[in-house]
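Have a look at the structure below, then the notes.
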Amino acid sequence: MANQQWGGRFAEGPSAIMEQINASVDFDKRLWHQDIKGSLAHSEMLAKMGIISQQDKMTIHEGLARIKTEIENDQFQFSRALEDIHMNIEARLADNIGEAGKRLHTGRSRNDQVATDFRLWVRDNIDAMILSTEHLMLTLAQRAEEYADTAMPGFTHLQSAQPVTFGHHLLAYVEMLSRDKGRLIDARNRLNESPLGAAALAGTSFPIDRQMTAKLLEFDRPMANSLDAVSDRDFALEYLSALSIMAMHLSRMAEEIVIWCSSPFSFIKLSDAYTTGSSIMPQKRNPDAAELVRAKIGRVSGALIGLLTVMKGLPLAYAKDMQEDKEQVFAATDTMMLCLAACSGMIGDLQANKENMRRWAGSGFSTATDLADWLVQKLQMPFRTAHHVTGQIVSLAEQKNLTLDQVSIEDMQKIEPKITQDIFSVLSVEASLASRVSEGGTAPSNVITQAQKWIKILQD
């Protein structure tokens, strides 16, 4: 039987194996909305330019509207024999409206059609991803305001370093996500050029108006080179790159949630909504949602590496290899939307153990830097000398199993005679936090200001 897609050139249909490896409709049917949108714009332009009649255009639009309804109502029959979403819709259109449907593909190729559809899909999902990112940022900022003066240990090398506030810690992720949002916006701006009208690779002899279709599809402009238009997937790679960095940020956040929930830390508690139990240990409350978010960066960064590998070494212009671009982008998008929702849920759900956080905030001689700063500010001591003196006082405290504020003034003066009773004004956790008023510092007053700034921006 002759192949219905390829007409006279092919006398026989594909083998079952060829059909299976070649077909993409099982996954690219997600592009149906963008495919119909692109076809509406293309047919509008064809009619304006006199390439098809106004009556054919109206008939095409009516037919596409019926197909849209069929797909939305799960009444559309997708066929692997028709290979992809584009041929499925075009064949159904011709079945519905006859000759007019066969005129729709005038002046375009599946190469520029799929490139257009895919750009539209990525653009739509960047917009949705930005909204989900902003929701997580707002949740973090609101919890940061709530915990603006809650002391916790700040770590370097996962060792107690200096006291910080829990609110300040949460705001660090707001800043990370703000950069992620910026990368998505940048990617959106760069992808917003229209491939439609590039045809297979060389443009078309029909008197088309690419400016018109670009405007109808809300692109900034047509792509300037027809070869580049059909063969470029930079927009998908840049999108996956932005998602991979965001996934890394969410993985770090999830790791901290896992650590904070563990019994040795007990900094926070998650409710039953975001934890699971053990099949054998009845006491367990496992932070499985956080652990899964932590793991899913493998899927997202794997999608980026996968598409980079597909595109590496491809000659211009289109090659069938590029059919392998979509599944990875679709999967990474689904994964990130789920991870953002899970993180928003966990951050909104968690309850801080303020007493335990405060106790550990003072551990590990965490106010030693405050002591050194006092020596510099009050005694005009060079910082390196102050660092050495402070180290001796810390060593003494460690030998006597004391905290820094428990070391007597007499013992301190044996190390540095000029130290006065005023030293104790900086050795408490609260004093340390209050003093960190430099721009970007952890002082509760700073945290409240920054949290409220972000809340206003995100709510507006």
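The values are calculated or read from the model by the stated rules, or taken from the named source; none is laboratory data. Just so it is clear, the model here is predicted, and its values are computed rather than measured. Reconstructed Cβ throughout: ideal geometry from the backbone, glycine too, with neighbour counts over all protein chains shown. For the accessible areas, the whole protein counts, side chains as well, though only heavy atoms, and no ligand, DNA or RNA atoms are used. Shrake-Rupley method; radii C 1.70, N 1.55, O 1.52, S 1.80 Å.
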Per-region count, region 396-452, residues farther than 25 Å from Y147 by Cα and of a type in the set (G, A, S): 2
Subset of region 58-110 that is closer than 25 Å to A229 by Cβ and of a type in the set (V, I, T) - its residue that is surrounded by the fewest Cβ atoms within 10 Å (Cβ to Cβ): T106
Cβ-Cβ under 6 Å pairs, at least 6 apart or on other chains, region 203-216 side at positive phi, far side surrounded by 14 or more Cβ atoms within 10 Å (Cβ to Cβ): G203/S226
Filter pass, H157 being in contact with a helix residue (DSSP H, G or I) (Cβ under 7 Å, 6 or more places away or on another chain) and closer than 30 Å to V429 by Cβ: no
Filter result for S53 (over 33 Å from the mean Cα position of the chain (by Cα), over 21 Å from L217 (Cβ atoms) and touching a residue at least 24 places away in the same chain (Cβ under 8 Å)): no
Residue selected from region 196-244 under the condition touching a strand residue (DSSP E or B) at 6+ places or on another chain (Cβ under 7 Å) and in a helix (DSSP H, G or I), by the criterion surrounded by the fewest Cβ atoms within 10 Å (Cβ to Cβ): Q211
Subset of region 314-333 [surrounded by 16 or more Cβ atoms within 10 Å (Cβ to Cβ) and in a helix (DSSP H, G or I)]: M322, Q323, D325, K326, E327, Q328, V329, F330, A331, A332, T333
Residue count, region 188-205 (criterion: out of contact with any helix residue (DSSP H, G or I) (no Cβ under 8 Å at 6 or more places or on another chain) and farther than 25 Å from D127 by Cα): 2
Test: R92 is assigned to a loop (DSSP other than H, G, I, E, B), among the basic types (K, R) and farther than 21 Å from R183 by Cα: no
Matching option when the condition is under 19 Å from S194 (Cβ atoms), out of contact with any strand residue (DSSP E or B) (no Cβ under 7 Å at 6 or more places or on another chain) and in the same structural domain as P195 (by the TED database), among L120, L31: L120
Selection count where residues are surrounded by 13 or more Cβ atoms within 10 Å (Cβ to Cβ) and touching a strand residue (DSSP E or B) at 6+ places or on another chain (Cβ under 9 Å), scope region 264-313: 12
Sole residue being aliphatic (A, V, I, L, M) and assigned to a helix (DSSP H, G or I), chosen from L458, L402: L458
Long-range neighbours under 6 Å by Cβ, at least six apart or interchain, first residue touching a residue at least 40 places away in the same chain (Cβ under 8 Å) within region 135-155, second aromatic (F, W, Y) and open to solvent by 10 Å² or more (accessible area, probe 1.4 Å): L140/Y173; A141/W454; P153/W360
Helices (runs of 4 or more DSSP H) contained entirely in region 1-77, each with at least 1 residues that are at pLDDT below 95 and hydrophobic (A, V, I, L, M, F, W, C): 16-22, 25-28
Residue in region 118-134 that is touching a residue at least 40 places away in the same chain (Cβ under 8 Å) and in a strand (DSSP E or B) present: no
Subset tally (residues that are among the small types (G, A, S) and either exposed (fewer than 14 other Cβ atoms within 10 Å of the Cβ) or assigned to a helix (DSSP H, G or I) (or both)) for region 405-430: 2
Members of region 150-165 that are part of a loop (DSSP other than H, G, I, E, B) and surrounded by fewer than 18 Cβ atoms within 10 Å (Cβ to Cβ): H157, L158
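For every residue, the table says whether it meets (1) over 30 Å from E146 (Cβ atoms); (2) touching a strand residue (DSSP E or B) at 6+ places or on another chain (Cβ under 7 Å).
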| site | (1), (2) |
| --- | --- |
| A331 | yes, no |
| T335 | no, no |
| M346 | no, no |
| N356 | no, no |
| R359 | no, no |
| S363 | no, yes |
| L371 | yes, no |
| Q377 | yes, no |
Selection status of S178, among the hydroxyl-bearing types (S, T, Y), over 26 Å from D370 (Cβ atoms) and surrounded by 22 or more Cβ atoms within 10 Å (Cβ to Cβ): no
Extreme residue, nearest to R143 (Cα to Cα), among residues of region 349-383 that are among the aromatic types (F, W, Y) and buried (at least 16 other Cβ atoms within 10 Å of the Cβ): W360
Neighbours by Cβ (under 7 Å, 6+ apart or cross-chain): first from region 348-374, within 12 Å of V429 (Cβ to Cβ); second part of a helix (DSSP H, G or I) and among the β-branched types (V, I, T): R358/V429; A361/V429; G362/V429; F365/V394; T367/V429
Residues that are in contact (Cβ under 8 Å) with a residue 12 or more places away in the chain and over 24 Å from S160 (Cα atoms), drawn from region 382-410: I409
